[in-house]
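Novice: Would you mind keeping the following structure in view while I ask a few things?
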Amino acid sequence: MAHPRKKQKPATPPPPLRGDTGGEPGRVSPYRTFTRETWAGLRADTPLPLEPAEIERLRGLNERLPVSEMVEIYLPLSRLLNLYVHAIQDLFAATQDFLGISDRKVPFVIGIGGSVAVGKSTTARVLQALLARWPNSPQVDLVTTDGFLHPNAVLEERGLMRRKGFPESYDRGALLRFLSQVKSGKSAVQAPVYSHLSYDIIPGGAVTVDRPDILIVEGLNVLQTGDAPPDGKTVPFVSDFFDFAIYVDAETEVIERWYVERFMQLRQTAFMDPEAYFHRHTKLTEEQALATALDLWRGINQVNLEANILPTRQRADLILVKDPDHLVERIELRRL
């Protein structure tokens, strides 16, 4: 078993600068670190456009999403992203004027990465809902990279079923082509669809992305890097298409607890469907189910986290760090 990350003892911060806690004394960091309280102050009276029932629908299984989380964390974040979108749109317009051309609109792409069970899907849904409610009413689409996993038949053939979610389990070429087409301003670009019920790609299933103002791409390895092409010409990384990248983080032992709790809840809900891939787990005793959940976490998901996902944390533009109660306790924003 790989050892979980040890919690770092918080250092005494220097005097804050406009909400910035400054990080560790004597250590140069590319990030400004904000406490929950200072980050909430950056909301600037932005109103919450969602009703409690809407917020509840956005919440993931076994997660907390109180109104305070929306107001103190996600409203300031949506405000920041809205500013970024407008800045990029202005730059795009200025470039068109310079070149003397009139080109098609190109979406602002936001990447959201992090471990299984850390809550990145909820973050993606919340941001989609909030960004679409800004006064200019942008069109905001959401795509998960699960749809670009190889079908189970291919994974079985390659001996990769216990490597599902690892970089090699994805059709990276298809994902890069999809993002390239989206970023080229192409209309009606299709992405495959994944079913968590069948634990497989839906044959013939597709979601269409038709030149939205904003596209959110959520997945485990969206910030993953690899070997650069020897000719220096091919676009090698998914994150090369991102205008802004977010990493959702928590201590490894905390994510393990969330994963196990979610697994045990799914045994009483989604797994009860006879068509569910994991329906067999409903026949296990409580003790057997707990052992299975721990095996899946420690043998697959924790290995993937520590080998492939966690090392990409520092490639994000913004990091949301969660406490054991699933609430964001601090925010790290990359300096410009």
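Read-outs: derived from the displayed coordinates by stated rules, not from any lab. Just so we're clear, the structure is a prediction, and the values are computed from it rather than from any experiment. A quick note on method: Cβ atoms are made from the backbone with ideal geometry, for glycine too, and the neighbour counts reach across all protein chains shown.
Novice: Explain nothing, just the number: relative contact order of the range 142-182, from Cα pairs under 8 Å at least 6 residues apart, as a whole percent.
Specialist: RCO, the range 142-182: 44 percent.
Novice: Now for a different question. Under the rule of -39500 (n - 2.57) per DSSP H run of 4 or more residues, summed and divided by the residues of the chain, what mean residue ellipticity at 222 nm is obtained, to the nearest 500 deg cm²/dmol?
Specialist: Calculated mean residue ellipticity at 222 nm is -8500 deg cm²/dmol.
Novice: Dividing the alpha-carbon Rg of the range 82-211 by 2.2 N^0.38 Å yields what?
Specialist: On the way: Rg = 17.3 Å, N = 130, 2.2 N^0.38 = 14.0 Å.
The reported ratio for this selection is 1.23.
Novice: If you bin every alpha carbon distance in the range 258-335 into 10 Å steps from zero, what whole percent lands in each bin?
Specialist: 16, 33, 30, 18, 3, 0
Novice: Roughly how many debye, to the nearest 20, is the charge dipole of the range 129-257 about its Cα centre, given +1 on each Lys and Arg Cβ, -1 on each Asp and Glu Cβ, and no other charges?
Specialist: Values: 12 positive and 18 negative charges, 72 e Å.
Charge dipole of the range 129-257: 340 debye, to the nearest 20.
Novice: Under a straight-distance cross-link criterion of Cα-Cα below 13 Å, which aspartates and glutamates are reachable from residue 183, leaving out those fewer than 8 residues away in the same chain?
Specialist: Leaving aside aspartates and glutamates fewer than 8 places away in the same chain, those within reach of residue 183 are 103, 210, 213, 240, 243.
Novice: While we're looking at this one, here's another question. Three principal axis extents, largest first, for the C-alpha atoms of the range 159-245, in Å?
Specialist: Largest to smallest, the principal-axis extents are 36, 32, 22 Å.
Novice: Cα extents of the chain along the three principal axes, largest first, in whole Å?
Specialist: 63, 49, 47
Novice: Hey, can you list the DSSP H helices of the chain whose Cα span along the axis is 30 Å or longer and whose average Kyte-Doolittle score is at least -0.5?
Specialist: On the way: long enough: 75-99 (36 Å, 0.67).
Helix filter hits for the chain: 75-99.
Novice: Give me a comma-separated list of calculated 3J(HN,Hα) values for the range 320-336, in order, Karplus coefficients 6.51, -1.76, 1.60 applied at θ = phi - 60°, integers in Hz, x for any Gly or Pro.
Specialist: Listing the rounded values in order: 9, 9, 9, 8, x, 8, 6, 9, 6, 9, 7, 10, 10, 10, 5, 6, 8 Hz.
Novice: Restricting things to Cα coordinates, could you compute the convex hull volume per residue of the range 201-285 in Å³?
Specialist: On the way: hull volume 17.9 nm³, N = 85.
Taking only Cα atoms, the range 201-285 has a hull volume of 211 Å³ per residue.
Novice: What's the magnitude of the charge dipole for the range 112-158 around its Cα centre, counting Lys and Arg as +1 and Asp and Glu as -1 at the beta-carbon? Answer in Debye, nearest 20.
Specialist: Dipole about the Cα centre, nearest 20: 280 debye.
Novice: Residue 142's amide H: which non-local residues (gap 5+, or another chain) put their own amide H closer than 5 Å, with H modeled 1.01 Å from N in plane and none for Pro or chain starts?
Specialist: 216
Novice: Separate question: Dipole of the range 108-202, Cα-centred, from +1 at each Lys and Arg C-beta and -1 at each Asp and Glu C-beta, to the nearest 20 debye?
Specialist: 260 debye
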